[in-house]
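Asks: Just passing along the structure, written as structure tokens.
The values are calculated or read from the model by the stated rules, or taken from the named source; none is laboratory data. The structure presented is a predicted model; accordingly, all values stated were derived computationally and were not measured. Glycine gets a Cβ as well: all are built from the backbone with ideal geometry, and neighbour counts include every protein chain shown. The area values use the complete protein model at the heavy-atom level, side chains included, leaving out ligands, DNA and RNA. Shrake-Rupley method; radii C 1.70, N 1.55, O 1.52, S 1.80 Å.
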Amino acid sequence: MRTRHRLLACATAALLGGAGALMAPTAATAQAANLLTNPGFEAGTLAGWSCAGNSGSVVSSPVHGGSRALAGAASSSDTARCAQTVSVQPNTKYTLSAWVRGSYTYLGVQGGTSTWTASAADWKQLTVSFTTGASQQSAEVYLHGWYGQGTYYADDISLDGPGGGDDTEAPSVPGNPRATGTSATSVSLAWDAASDNVGVSGYDVYRDGTLATSVTGTSATVGGLTPSTTYRFTVRAKDRAGNVSPHSATVTATTGKDGGSGDRFVQAAPYLYLGWGNPPSPTEVMQATGIKWYTMAFILAQNGCNPSWDSQRPLLGGQDEAAIKAIRAAGGDIVPSIGGWSGNKLGPNCSTTEALAGAYQKVIDAYRLKAIDIDIENTDEFENAAVQDRILGALKIVKQNNPGLRTIVTIPTLNTGPNSWGNRLIERAHALGADIDNFTIMPFNFGGAADMYGNTVKATEGLKTKLVSTFGWTDQQAYNHIGISGMNDSSDAGEITTPQIWTQIRDWANSHDLGRLAFWAVNRDRPAWQFTSITAGFTG
């Protein structure tokens, strides 16, 4: 919970280097494949790109997709031109596009056509097409800003068309495509690897004929879908030369229902903390209350980007693993709480999105998890744009790599709903396609507010409104993606939640089909386990 650890201890196109496209009498039709190296800067470096005067850098915010983007620091004497040269085929049409932000940002091909935007306060896509000359075998594409106009940003740059060189052999068709899991808003897919004479570089996943996502492995999760709807998916393999395979066989999958139990994620999971407060026997509490799930706290960082319990107890071989085995033997399960208010957290300690995803994967593998909860608090994670994006990007990766895994983010809240940092996190979750299953708020520490039921409902309604406006969900879809994580008895601010008030909150959550209910903590719920028993009655 928010403070529980404290409790526990002007320019023209002519100037750009060309007035028009290099036209030829006829043009071959290009198969769509991105020919650029490091097109989204996810390598974390400028690999493949050359920026004049060291004016380019890779940043983690703002980004359009993934977890990285290009920042070009234009100055009074430098436009921060960044370029890449690729092999192309003669007499062939290509399409160049990029998502950009900033003032006076340009996109073009050297000696050919270009386009620009005078002002893009948010991400805007620029697109140009050009046709290569009769003997042309390479093309230089570029972006730049303008003198004295400040930093521009670019992301998800694409040059679509057939690659140059001698490799004209397409990969084989991906085999045995299949649906491995569904939820109300997503479908998880897998397929057998394709082969290629040089090497397969990735796969494009199509939903009803439209590109949905691109991955390097042989599985993917397509989110943002509509409940109770049938979709058709195909997969194509691609290589670095721009050759693409035919579409795979079609996979048909139907998303789950919106509401009721079905495929919807529902979890009643109070916090259990083995690192403090004479922790109770989890199986005895299960027998006394009927609770099935626990949120186990806290997984932090140890010696860098390595997950461990409280930065000191190993994932395997200790009291935490023993407790998990006992809970499962009694018919229950756990979701780990990764993060919290204080301590040495993985988000800031893992330097890249991929490294953080690897740390999460160690926890998933250690316990064969069905769900993970990332508790994002304090200035080092919640109020840090780069770390927010890193966490969301890592959750996207592990969800793609673990079909059926449920992901939860737990955040602080105002009594009116998310604050500016909470709103940002929700907006970035949508922009990055993180496909979060549940957004859980912690409705307490409002500054001594007396009406804990009323303020909890008000905060939850504020979150619902934000989810509806950001994701385009119905009210009911938004409620299904919401969790409440309260604080039994007295909060840090002295607010009192009695068993009667918690019962009211639980009943309201049930009547609105929320997805999750938790509280801090079972350790504090003695001697009668009243709050745990009430929580066990949450059905969503």
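Asks: Quick one: pull the percent of accessible area on the range 197-239 belonging to carbon and sulfur, 1.4 Å probe, ligands and nucleic acids left out.
Replies: Its accessible area is 42 percent carbon and sulfur atoms.
Asks: Which log10 I(q)/I(0) values, to two decimals, does the chain give at q = 0.07, 0.08, 0.09 Å⁻¹ under the Debye formula with one point per Cα?
Replies: -0.45, -0.58, -0.72
Asks: Per DSSP helix of 4 or more residues, -39500 (n - 2.57); summed, then divided by the residues of the chain. What does that give at 222 nm, rounded to the nearest 500? List each step's numbers first, then the result.
Replies: Numbers: 11 runs with 118 residues, N = 540.
My calculation for the chain gives -6500 deg cm²/dmol from helical runs alone.
Asks: Write down the Å³ per residue value for the convex hull defined by the alpha carbon atoms of the range 79-169.
Replies: On the way: hull volume 7.6 nm³, N = 91.
Once divided by residue count, the hull of the range 79-169 is 83 Å³.
Asks: Can you run the Rg to Rh ratio on the range 155-294? Use alpha carbon positions and the Kirkwood inverse-distance Rh.
Replies: Value, to two decimals: 1.20.
Asks: Distances longer than 12 Å among the Cα atoms of the range 478-533: what percent of all pairs is that?
Replies: 66 percent
Asks: How do the peptides 102-110, 169-177 rank, highest first, by the average count of neighbouring beta carbon atoms within 10 Å per residue?
Replies: Highest to lowest by the protection proxy: 102-110, 169-177.
Asks: Just for the chain, what percent of DSSP beta bridges are antiparallel, to the closest 5?
Replies: 70 percent
Asks: Let me ask something else. Determine, for the chain, the count of lysine pairs separated by eight or more sequence positions (or lying on different chains) whose alpha-carbon distance falls under 20 Å.
Replies: Taking the chain as the scope, the lysine pair count is 15.
Asks: Related question: In whole percent, how big is the carbon plus sulfur part of the accessible area of the range 479-528, probe 1.4 Å, protein atoms only?
Replies: Here it works out to 52 percent.
Asks: OK, next. Could you tell me what percent of the accessible area of the range 330-415 is made up of carbon and sulfur, with a 1.4 Å probe and every protein chain present? Could you put the intermediate results ahead of the total?
Replies: Numbers: 1150 of 2370 Å².
C and S atoms contribute 48 percent here.
Asks: When ligands, DNA and RNA are left out and all protein chains stay put, how many square angstrom of accessible area per residue does the range 55-202 have with a 1.4 Å probe? It would help to have the intermediate numbers written out before the result.
Replies: Working: 5420 Å² over 148 residues.
Computed with neighbouring chains in place, this is 37 Å² per residue.
Asks: Could I ask something else about it? Name the trypsin sites (Lys or Arg not before Pro) in the range 207-289 that are in a loop by DSSP and that have at most 13 other C-beta atoms within 10 Å, would you?
Replies: Details: sites: Arg207, Arg232, Arg236, Lys238, Arg240, Lys257, Arg264; in loops: Arg240, Lys257, Arg264.
Here the trypsin sites (Lys or Arg not before Pro) that fit, given the DSSP loop and packing criteria, are Lys257.
Asks: Compute, for the chain, the length of the dipole vector about the Cα centre, with Cβ point charges of +1 (Lys, Arg) and -1 (Asp, Glu) only. Units Debye, rounded to 20.
Replies: Numbers: 37 positive and 43 negative charges, 88 e Å.
Rounded to the nearest 20 debye, it is 420 debye.
Asks: Just read off the accessible area of Met487 with the full protein assembly in place, 1.4 Å probe, to the nearest 10 Å².
Replies: 10 Å²
Asks: Accessible area, 1.4 Å probe, largest first: how do Asp475, Asp375 sort?
Replies: Per-residue accessible area, sorted high to low, gives Asp475, Asp375.
Asks: Taking Cα centroids, how far is the range 471-540 from the range 287-328 in Å?
Replies: What the calculation gives is 22 Å, centre to centre.
Asks: Which value, in Å to one decimal place, does the Kirkwood hydrodynamic radius take for the range 43-91 when every pair of different Cα atoms is included?
Replies: About 12.2 Å for the range 43-91.
Asks: Next question, about the same structure. Check each of the GluC sites (Glu not before Pro) in the range 318-386 and keep only those in coil by DSSP with at most 16 other C-beta atoms within 10 angstrom; list them in order.
Replies: Glu383
Asks: Now for a different question. Could you run the Karplus curve 6.51 cos²θ - 1.76 cosθ + 1.60 with θ = phi - 60° over the range 83-97 and give me ³J(HN,Hα) per residue in whole Hz, x for Gly and Pro?
Replies: 9, 8, 9, 10, 7, 10, 9, x, 6, 9, 8, 10, 10, 10, 9
Asks: Determine the per residue accessible area of the range 381-540 with all protein chains present and a 1.4 angstrom probe, expressed in square angstrom.
Replies: 31 Å²
Asks: What percent does the relative contact order of the range 489-540 come to when contacts are Cα pairs within less than 8 Å and at least six residues apart?
Replies: Computed value for the range 489-540: 40 percent relative contact order.
Asks: Something else: Answer with one residue from Ile411, His481, Leu126: the one whose Cα lies farthest towards the positive end of the charge dipole of the chain, charges on Cβ with Lys, Arg +1 and Asp, Glu -1.
Replies: His481
Asks: Could you work out the per residue convex hull volume over the alpha carbons of the range 30-122, in cubic angstrom?
Replies: 117 Å³
Asks: Per 10 Å bin, what percent of the C-alpha pairs of the range 261-309 does each bin hold, from zero upward?
Replies: With 10 Å bins starting at 0, P(r) equals 22, 37, 29, 12, 0.
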